[in-house]
Structures are given as structure tokens and as C-alpha cells.
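Notes for the one structure printed next.
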Amino acid sequence: MTQKEMWGGADGSNITRRNVLRGTAAGAGALVFGVPTFSGGALAQEDDVLELCGLVDIVAAVDTSGSLDGNEKANLNDGVNAIIDGFDASDADVKIGSLQFGDGAISSLNTLTSPGPDIDLGPGGGSGNTPMPAALDIANQLVNDSTNGGARDDALKLILLFTDGGPNYDSNTVTGKTYSAGGGLYAAGPYEEGTVDATVDVGEMDETADVATAIRDGGVRIITVFINLPDTDLTQAMSGDAKTKYTNLPMYLENYIATGDSALTTSPADLDGLVDEVLAELNALCCDECPPGGLKLKYEFECVDEGDEGECLAYDFVLEDEEDPAIRYTPGSYVSKEGEEYEPVEVTFETDYCELYAFVKSGQTFDVQGFEGPGPVTVTNGGEKYAISFVEFYCTEEEAQNAADNFPSNNDKPGKPDKPDKPGKPDKPDKPDKPDK
């Protein structure tokens, strides 16, 4: 499984990180995706289209606390809008809502709409503390409210959390506050671990992690985007106990708030360049886990059309096993050797699985190839001169390799004949007994 990690220096500058999220299946259906690209916040739509599985409801929760100065907040404003524009520019069936959190309160609630809202964080820098558990709670209520919030009961639910710090809040101030949007009322809390000081305490981090766990357990995915300010300590405002338990803020978000490995980090100025990665995270949400030991699917290249006299008129890949809807083949989706009609050197399938392995036989060559889904996977003959005879899919590399190692023509090669036993020397005759004296 390819993972991309680029972490900067000790100050965390120019950090960006993406691990493909491999969660439980969100829905069925083939995925064909090409990600829109952005430059300076301007959309450059490519020919390919992002198609997410089914319906997707998103709430963007944006931190506006006092650690953001005016330039940083302006960059955050532009970056979040660029991401929303990226969803709107695709053909995905996405509805987006939003809220802001800072200074002990939730503000600027927008119900879910398509196209999504235009975020306005206002002039100047941010202010106050970071009521992160309340932001997560209200976002969760909003993304699930199909009566007043614009959400859809049958949609994939996602919270996009943008923050530059850890949870810091006064429980007495945050608990019990209600917020309205589109006729809906949403209440925060109760919370017990918040403090009046500016330190990010271990209790606040524990309580916020518990809120995030309950949200994830309820079926809502969370993608976190840590806004890393230049020359900023990644443990900013964390107490000693909090550092001991959670190490730093990006690791806390990754390990305790985000679903799976869907934690991203960037600087405010580079946030609009994160669009591709957020869209890729959404694509990855649609994949199914392939159960080890639960899959063996073979496609063999064979005759599919016979003439009246039994001659073969056409060949293609044919499923030899029971159908698996998570792996599909469209007839004719192969490429032959140049100048030859039925000599496949590559063949393309569609899969909903997050990870997949193929045992490929080309002549007497046996190859194991790995793929990352969801989407199209193209199997090749590995550059060999022989055409592909069959493709056999497995969930793990070990299973595919075992199939290749134990294939009869690979395992039962004739060995040297056993040498005959050398003839032994004849037994010596018994000596006659001496006569009695």
C-alpha cells in the first residue's frame, strides 16, 4: 500500500502528509476518479471527473481562535473555500455545511447545501480559546439533521475539521449553549474537563478524544487538517502531562480525532494546494476492505465466440469463479501485442477493494502484482514476451504468492531420476564345520 509522508524540520514548516484512509465500506458502485487541480485557489478542471460512492454530506468546522493572525486567517479563509469549490466543481453528489469555532463559542452555522457555502471568517485575526469538542458535537448534529439541516439519511457523513491548535475551553461557558441554523437547534455538551486558562490540558484532550470516538462510532468519518503556522512549536500550549500522553498536536489529531489515517497537515498559505489530497481522502472512503482468505477470483483468456465449424472467432477474459461484485471486468478491456489480435499484454479491471493482489500467468512466467483501490487496476504481463493466460485475484500478497508458488506447472517441474541402487557384494558362503576329533 503506497503511503506518502513528508514531514518537515523540527519547526514543522512545510509539512504535508497523506495516508490513504482505509475504513469500512461506505457504499457500492464503481469509482472513476480524476482529481481537479488547483493553483493559487483557482480551479483548473480536468477532463476526468470525481465520482464518489453514493451521496456525501460534509460539514466543515473551521477554527478561528486567537492563535491565528490576520494573514493566517485570510489564507485559511481562501483555502477552505478552495476545497469547497473543488467539491462543487466535481460531478460528485455532495452537500456541504459549515461552522466556525473560537472564543468559547460556535458561530456562522450554515446548513448543508449544494453548492456549498461561501466561508467568511471576517477581518483581522482570530480570538479566544478553541472549543473543539463543541465544534465536533455541533458538526455531528448538523451533518445528521435531515429535517432542518439539509442532510440526507442515506449519505456518507463526513466532518472536515480545520484547526491550528488543541482543545482549550471553559466547560461552564461552552456547556449548554444552543445554536440555530435552518430552523434546527443544536446544543453543545455537557463538558467537564475544560479550564479557564490557555493551556491545552490532558483532560481537555481526553474529553475531546471521547467526543470524536463517539462520533466515529456513530458512522461519521472525520478528516482533520492541522494548520501548521511558520516557526510554531507542534506542542504549543500543551501541558507537560498532555505532551507525555499525546506527544504533539498533529499526532493527537491523527491518532485520536481523525478516522483511520485521514490526518492532513499544511501551512495556511499552502492550504488551497491541499484540495487534491482532501478529494483523494474522499475517494478512499469509498473502498471496501478485502477479507484475507475470503477471495479467489480467476479470469481466464479463452474463446468466447465459436464459428459453425467449431473454429474460435473471438477471445476475451472470462470469469471462472463465482462473481464478486467488488471486482468487475468489461469485455474487451485488454491490450494485445502490437500487430497481433488476441495476445493480451495488459488487462484492466474495476475494484471497490482498498487493496488487491493478482497472480498473473504469462506463458510459463508467474508474477504477483499489487494494487491500491478503489478504481481501475491494470494487470500486465510484466514485460515478458508471452501473452497473459489468466489473472487470479487475492486479498493479500501472501495468498497470491502461495498460489503462484503452488501452481502445478511451477511446482512440479521434472527432476532428475533417482539413481539405481548399486549392486551389493554377494554373501560369502559359510565355512564347513570342522569334523570332530
I'd like the residue in region 368-383 that is in contact with a Phe, Trp or Tyr (Cβ under 9 Å, 6 or more places away or on another chain) and either among the small types (Gly, Ala, Ser) or not assigned by TED's automatic domain parsing to the domain that holds Ala404 (or both) and, out of all such residues, is nearest to Ala404 (Cα to Cα). Gly370
Of the candidates Phe349, Phe371, the one satisfying the condition of being within 23 Å of Ala280 (Cβ to Cβ), modelled with pLDDT under 95 and of a type outside the set (A, V, I, L, M) is Phe371
Being in the same structural domain as Leu264 (by TED's automatic domain parsing) and closer than 30 Å to Ser267 by Cβ narrows it down to one of Thr147, Thr113, so name that one. Thr113
Selection count where residues are free of Cβ contacts under 8 Å to residues at least 12 places away in the same chain and under 15 Å from Ala188 (Cα atoms), scope region 130-152: 0
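Table: residues versus (1) hydrophobic (A, V, I, L, M, F, W, C); (2) more than 21 Å from the chain's Cα centre (by Cα); (3) at pLDDT 85 or above.
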{"position": "Leu50", "(1), (2), (3)": "yes, no, no"}
{"position": "Leu55", "(1), (2), (3)": "yes, no, no"}
{"position": "Ala60", "(1), (2), (3)": "yes, no, yes"}
{"position": "Asn71", "(1), (2), (3)": "no, yes, yes"}
{"position": "Ala74", "(1), (2), (3)": "yes, yes, yes"}
{"position": "Asp78", "(1), (2), (3)": "no, yes, yes"}
{"position": "Ile84", "(1), (2), (3)": "yes, no, yes"}
Listed residues Ser333, Ser267; which is touching a strand residue (DSSP E or B) at 6+ places or on another chain (Cβ under 9 Å), hydroxyl-bearing (Ser, Thr, Tyr), surrounded by 15 or more Cβ atoms within 10 Å (Cβ to Cβ) and within 30 Å of Ile96 (Cβ to Cβ)? Ser267
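Going through Thr232, Thr244, Thr208 one at a time, which residue ends up being crowded, with 16+ Cβ neighbours inside 10 Å and at pLDDT 95 or above?
Every option except Thr208 fails the conditions.
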Against the definition (in contact with a Gly (Cβ under 8 Å, 6 or more places away or on another chain) and within 21 Å of Asp145 (Cα to Cα)), how does Ala187 come out, yes or no? yes
Inspect all residues belonging to region 87-105 and state whether any of them is closer than 20 Å to Leu279 by Cα, β-branched (Val, Ile, Thr), surrounded by 24 or more Cβ atoms within 10 Å (Cβ to Cβ) and at pLDDT below 95. yes
Only listed residue being surrounded by 20 or more Cβ atoms within 10 Å (Cβ to Cβ), part of a loop (DSSP other than H, G, I, E, B), at pLDDT 95 or above and within 24 Å of the chain's Cα centre (by Cα), chosen from Ala151, Ala139: Ala151
Can you run down the residue pairs with Cβ atoms below 8 Å, 6 or more apart or on separate chains, where the first is in region 307-333 and in the same structural domain as Glu350 (by TED's automatic domain parsing) and on the phi > 0 side of the Ramachandran plot and the partner is surrounded by 14 or more Cβ atoms within 10 Å (Cβ to Cβ) and part of a strand (DSSP E or B)? Gly332/Asp316
Region 153-205, subset in contact (Cβ under 8 Å) with a residue 40 or more places away in the chain and among the hydroxyl-bearing types (Ser, Thr, Tyr), residue nearest to Tyr252 (Cα to Cα): Thr163
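The values are calculated or read from the model by the stated rules, or taken from the named source; none is laboratory data. Since the structure is predicted, the reported quantities are computational estimates derived from the model, not experimental observations. Cβ: placed from backbone, ideal geometry, glycine included. Neighbour counts: every protein chain shown.
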